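Student: Pasting a structure below so you can have a look.
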Amino acid sequence: MPWRESRVVEERMRFIVAVDEGDEPFTELCRRFGISRKTGYKWLERYESLGPAGLEDKPPVARNHPHRLDDELADVFVKTRKDHPTWGPKKLRAFV
């Protein structure tokens, strides 16, 4: 007997359909699907706000980085580092 293939989004959609049917308590549904209640509520909220597209995985990437240098300043650091390869970070920071 071959393994049954299923996508993550399809399993999440099955969870949402089971929640909408309302036959089982939410906690039991989460246990049956092998997820925590927190995750179940997160999927339900995403589905209600975004529809089926909300069940897709979101990339774990920050939208901005608070410590990122400006591109111009980074170019200055790189150029200075190439001009003075023996300088360390303290001297580079003091020079720039």
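Read-outs: derived from the displayed coordinates by stated rules, not from any lab. Because the structure is predicted, anything quoted here is derived from the model rather than measured. So basically every Cβ, Gly included, is an ideal-geometry build from the backbone, and we count neighbours across all protein chains shown.
Student: Quick check for the chain: number of Lys pairs with alpha-carbon distance under 16 Å, counting only pairs 8 or more apart or on different chains? Spell out each step's value before the answer.
Tutor: Values: 42/58; 79/90; 79/91; 82/90; 82/91.
Within the chain, the lysine pair count is 5.
Student: Can I ask one more? Cut-off 10 angstrom, C-alpha nodes, Gaussian network model of the chain. Which of 26, 15, 77 fluctuates the most?
Tutor: 77
Student: Oh, and also: Local charge sum around residue 58 (other residues, Cβ-Cβ under 12 Å, Lys/Arg +1, Asp/Glu -1)? All intermediate terms of the calculation are to be shown ahead of the outcome.
Tutor: Numbers: positive: 42, 46, 63; negative: 56, 57.
Result for the neighbourhood of residue 58: +1.
Student: Here is a follow-up. Highest first, please rank the peptides 34-44, 53-63 by the mean number of other Cβ atoms sitting within 10 Å of their residues.
Tutor: Numbers: 34-44: 13.9, 53-63: 9.2.
In descending order of packing, they fall as 34-44, 53-63.
Student: Relative to the longest principal axis of the C-alpha atoms of the chain, give the angle of the C-alpha long axis of helix 71-83, reported between 0 and 90° and rounded to the nearest 10°.
Tutor: The angle comes out at about 50 degrees.
Student: Shifting gears a bit: Between beta-carbons, use under 14 Å as the cut-off and find the net charge around residue 17, counting Lys and Arg +1, Asp and Glu -1. Write out the running numbers ahead of the final one.
Tutor: Numbers: positive: 12, 14, 32; negative: 10, 11, 20, 21, 23, 24, 48.
Once all neighbours under 14 Å are counted, the net charge is -4.
Student: Specify the angular offset, from 0 to 90 degrees and rounded to the nearest 10, of the alpha carbon long axis of helix 37-50 from the longest principal axis of the alpha carbons in the chain.
Tutor: For helix 37-50, the angle is close to 80 degrees.
Student: Could you tell me how many degrees, from 0 to 90 and to the nearest 10, lie between the Cα long axis of helix 8-21 and the main elongation axis, the longest principal axis, of the Cα atoms of the chain?
Tutor: With rounding to tens, the tilt is 40 degrees.
Student: Where is the GNM fluctuation largest for the chain (alpha-carbon springs, 10 angstrom cutoff): 66, 52, 85?
Tutor: Per the Cα network of the chain with a 10 Å cutoff, 85 tops the list.
Student: Right, here's the next one. What is the extension gain from residue 72 to residue 84, computed as 0.36 nm multiplied by their sequence separation minus the C-alpha to C-alpha distance, in nm to one decimal? Show your work: numbers first, answer last.
Tutor: Working: separation 12, 0.36 × 12 = 4.32 nm, distance 1.84 nm.
2.5 nm is the gain from fully extending residue 72 to residue 84.
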